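Please read the structure below before turning to the comments.
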């Protein structure tokens, strides 16, 4: 991401930026699993794990019903691609080893991955948002940033219009946060999942953001989390309180101190080609 500087190279005013910028982060809800539920609606409300191979394709029975594989039937060394929120309640998450997932939720339904379908629905939801603005930054198959600063309407109205457009185009739900910058928008889109619409201002930080675990900040993985915990930093508020701490930059010496600006400065949306 770009540093918050003006074109002349001088730092921009963080407070002025926070008052004027409106950045949305849109994240599709359990995207791969939700696409599979469009194909198999009878599985809604059940724990479902996506990550099996072709042998996990459901069997169609003579009466037209389907027989699904269970996670306990899995044999192999693969990893979970994604899971429904019902499976996550058992502790099964993306990138977890399948054998560990089997121990946690042996009766969960197992489905194969279908990346062609996921890419198709990704194009659909992004096209729906592009009907509102070209100020979009593509961040992956299931998430985008949108600069809605110049869009007419209140943030909640803008967010709801985009959510409705995505649902109409795909039949799927997404969660959106509109905030003063990318970092807050990214964190905020997780706060009210699934199907969430979150509006954050700088005044909301002490109550909604500072108490969150430091690992909620994009870029803090397990190893970095261990290092900053050793420094007595456990929450986002702890990071913000230490103005000299910058948590995402690594050097050969490890984590460096660069100045806490991300939660206060404006961030630039790179327009998608």
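The values are calculated or read from the model by the stated rules, or taken from the named source; none is laboratory data. Predicted, not measured: the structure shown is a model, and the values here were computed from it. Don't worry about glycine lacking a Cβ; one is built from the backbone with ideal geometry, like all the others, and counts go over all protein chains shown.
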Search the range 34-57 for residues being part of a loop (DSSP other than H, G, I, E, B) and at pLDDT 95 or above, and hand back the single one that is surrounded by the most Cβ atoms within 10 Å (Cβ to Cβ). 47
The number of residues in the range 200-215 that are part of a loop (DSSP other than H, G, I, E, B) and under 14 Å from residue 178 (Cβ atoms) is 2
Flagged in the range 61-94 as under 21 Å from the mean Cα position of the chain (by Cα), surrounded by fewer than 15 Cβ atoms within 10 Å (Cβ to Cβ) and farther than 11 Å from residue 50 by Cα, in numbering order, are 89, 91
Yes/no for residue 221 being modelled with pLDDT under 90, surrounded by fewer than 15 Cβ atoms within 10 Å (Cβ to Cβ) and at negative phi: yes
Boolean, residue 146 is crowded, with 20+ Cβ neighbours inside 10 Å and either assigned to a loop (DSSP other than H, G, I, E, B) or within 11 Å of the chain's Cα centre (by Cα) (or both): no
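Matching residues to (1) buried (at least 18 other Cβ atoms within 10 Å of the Cβ); (2) in contact with a strand residue (DSSP E or B) (Cβ under 9 Å, 6 or more places away or on another chain); (3) part of a helix (DSSP H, G or I):
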site: 110; (1), (2), (3): yes, yes, no
site: 121; (1), (2), (3): yes, yes, yes
site: 127; (1), (2), (3): no, no, yes
site: 153; (1), (2), (3): no, no, no
site: 160; (1), (2), (3): no, yes, yes
site: 166; (1), (2), (3): yes, yes, yes
site: 186; (1), (2), (3): yes, yes, yes
site: 191; (1), (2), (3): no, yes, no
Within the range 50-104, how many residues are without any contact (Cβ under 8 Å) to a residue 60 or more places away in the chain, under 18 Å from residue 28 (Cβ atoms) and out of contact with any strand residue (DSSP E or B) (no Cβ under 8 Å at 6 or more places or on another chain)? 1
Only one of (1) surrounded by fewer than 19 Cβ atoms within 10 Å (Cβ to Cβ); (2) in a strand (DSSP E or B) does not apply to residue 134, and that is (2)
